Amino acid sequence: MADAALAELAETVRAAAAARTPLEIQGGGTKAFYGNAVEGRPVSTRDLAGIVDYAPKELVVTARAGTRLASLEDTMRGERQMLGFEPPHFGSGSTLGGAIASGMSGPRRPYSGAARDFVLGVRIVDGTGEELGFGGRVMKNVAGFDVARLMTGALGTLGIITEVSLKCLPRPKAEATLVFDCDAGESIRRVNEWGGRPLPLTATCHDSGRLWVRLSGAEPAVAAAMRVLGGGEDADNAALWPAVRDHTHAFFARARETGMALWRLSVRSTAPHADLAGLQLIEWGGALRWLATSAAADAGPIRAWAAANGGHATLFRASDKAAGAFAPLEATVLALHKRLKATFDPQHIFNRGRLYPDL
């Protein structure tokens, strides 16, 4: 069935390219809110599902793009393994292809790596309807231009991901979450200090005057770190981190219920806390700041603050994205994006406008 679905998909792309008809690539639809509005006829990857190959002893898994993340993770859990970048789901229909196309990583990202760090290879259908493969299924395969990682986070603007090979990680033997009462500034100071020490940190989160820190690893290492850091142990940590990852945490729920816009600020971990006229939740040892603010907030000061602190600001969720979901690119970087788009999608049919108007 998957082979037939792939052939049908390639034919759909060839016809769209010939007619210069734009296509909107869809998986589980759980990340449709992300990015700018897309022009085009929907084309789905959901029929491209299933694990192609899994070698637990080699820590490598290959699965088709329409494979549900939950299903893939359940299979890996049976081998006491996991996806190290802890990909957000945002819903039960979340797919592997959507996770890689969006390039999103969860709470573990600063300690284990980003999504692109785990991608070993991909197969795609390009803008001419041709099926292409890049990378491989082993970690040592690094020859040639790293197109596999290029597709990670491209939001489907360069090609339709049909299959992904990923490096896996062993699941930790022990895990614990500590909680501390402190303000945002003190939280940033603490997690940066702890991040420079040999402690098994795997996630941090600060919200409403409280800091949560997750420790993962061998039981003796986790126990020793708990004694060093102090604080109180949060027995509900199994529910906390998926809630932060999938934005079901009270902070994100409050933002949605009140109609606030949600900004994602990626900055230096040591950037000082700033009052940006809204509510903030801080992750990734200070390097990720979520800002919930008025839907009418001026994007200029928000993006200026992020740039001044070594990063950028993305309008993650909002009813109005007139300011653009992503920070404007410098002319030379935009020119490079356009050249890549012309190479992989010469007729500009894939997810037109999702990243930028000209892409």
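For the stretch 200-222, how many residues meet the condition of being farther than 20 Å from Met82 by Cβ, surrounded by fewer than 20 Cβ atoms within 10 Å (Cβ to Cβ) and free of Cβ contacts under 8 Å to residues at least 40 places away in the same chain?
Counting residues in the stretch 200-222 that are farther than 20 Å from Met82 by Cβ, surrounded by fewer than 20 Cβ atoms within 10 Å (Cβ to Cβ) and free of Cβ contacts under 8 Å to residues at least 40 places away in the same chain gives 3.
Which one is nearest to Arg46 (Cα to Cα) among residues in the stretch 60-92 that are touching a strand residue (DSSP E or B) at 6+ places or on another chain (Cβ under 7 Å) and polar (S, T, N, Q)?
Ranking the qualifying residues of the stretch 60-92, first place goes to Thr67.
Yes or no: the stretch 8-25 includes at least one residue that is surrounded by 15 or more Cβ atoms within 10 Å (Cβ to Cβ) and in contact with a helix residue (DSSP H, G or I) (Cβ under 6 Å, 6 or more places away or on another chain).
yes
List the number of the failed condition for Arg264; all other conditions in (1) modelled with pLDDT under 95; (2) charged (D, E, K, R); (3) under 23 Å from Leu69 (Cβ atoms) hold.
The one condition Arg264 does not meet is (1).
How about the stretch 17-68: which of its residues are in contact (Cβ under 8 Å) with a residue 24 or more places away in the chain, of a type in the set (S, T, N, Q) and under 20 Å from Ile124 (Cβ atoms)?
Thr21, Thr45, Thr62, Thr67
Could you tell me which residue of the stretch 230-239 is nearest to Asp181 (Cα to Cα), considering only residues that are surrounded by 14 or more Cβ atoms within 10 Å (Cβ to Cβ) and under 29 Å from the mean Cα position of the chain (by Cα)?
Taking the candidates together, the pick is Asp234.
Among the residues of the stretch 152-167, count how many are at negative phi and either outside the structural domain of Gly127 (by TED's automatic domain parsing) or surrounded by fewer than 20 Cβ atoms within 10 Å (Cβ to Cβ) (or both).
Qualifying residue count, the stretch 152-167: 1.
Looking at Phe344 and the list (1) in contact (Cβ under 8 Å) with a residue 40 or more places away in the chain; (2) touching a helix residue (DSSP H, G or I) at 6+ places or on another chain (Cβ under 6 Å), which single condition is not satisfied?
(2)
Sort out which residues of the stretch 156-205 are outside any loop (DSSP other than H, G, I, E, B) and of a type in the set (Asp, Glu), and write them in order of number.
Selection gives Glu163, Glu175, Asp181, Glu186, Glu193.
Could you pull out the residue among Ala224, Ala238, Ala243, Ala253 that is at pLDDT below 95 and in a helix (DSSP H, G or I)?
One residue alone meets the criteria, Ala238.
Return the pairs, sorted by first residue and then second, in which the second residue is outside any helix (DSSP H, G or I) and modelled with pLDDT under 95, the first residue lies in the stretch 169-191 and is farther than 19 Å from Tyr111 by Cα and in the same structural domain as Leu240 (by TED's automatic domain parsing), the beta carbons are less than 7 Å apart, and the residues are 6+ apart or on different chains.
Phe180/Gly231
For the stretch 37-122, list the strands (runs of 3 or more DSSP E) that sit wholly inside it and hold at least 3 residues that are crowded, with 18+ Cβ neighbours inside 10 Å; which are they?
In the stretch 37-122, the matching strands (runs of 3 or more DSSP E) lie at 60-64.
Starting from residues that are surrounded by fewer than 12 Cβ atoms within 10 Å (Cβ to Cβ) and part of a loop (DSSP other than H, G, I, E, B), keep the ones in the stretch 309-357 and report whichever is modelled with the highest pLDDT.
Residue satisfying both the conditions and the ranking: Glu330.
Only one of these conditions is not met by Ala5: (1) under 30 Å from Gly324 (Cβ atoms); (2) at pLDDT below 95. Which number is it?
Answer for Ala5: the failing condition is (1).
The values are calculated or read from the model by the stated rules, or taken from the named source; none is laboratory data. These figures come from a predicted structure and were not determined experimentally. We place every Cβ from the backbone using ideal geometry, glycine too, and count neighbours over all the protein chains shown.
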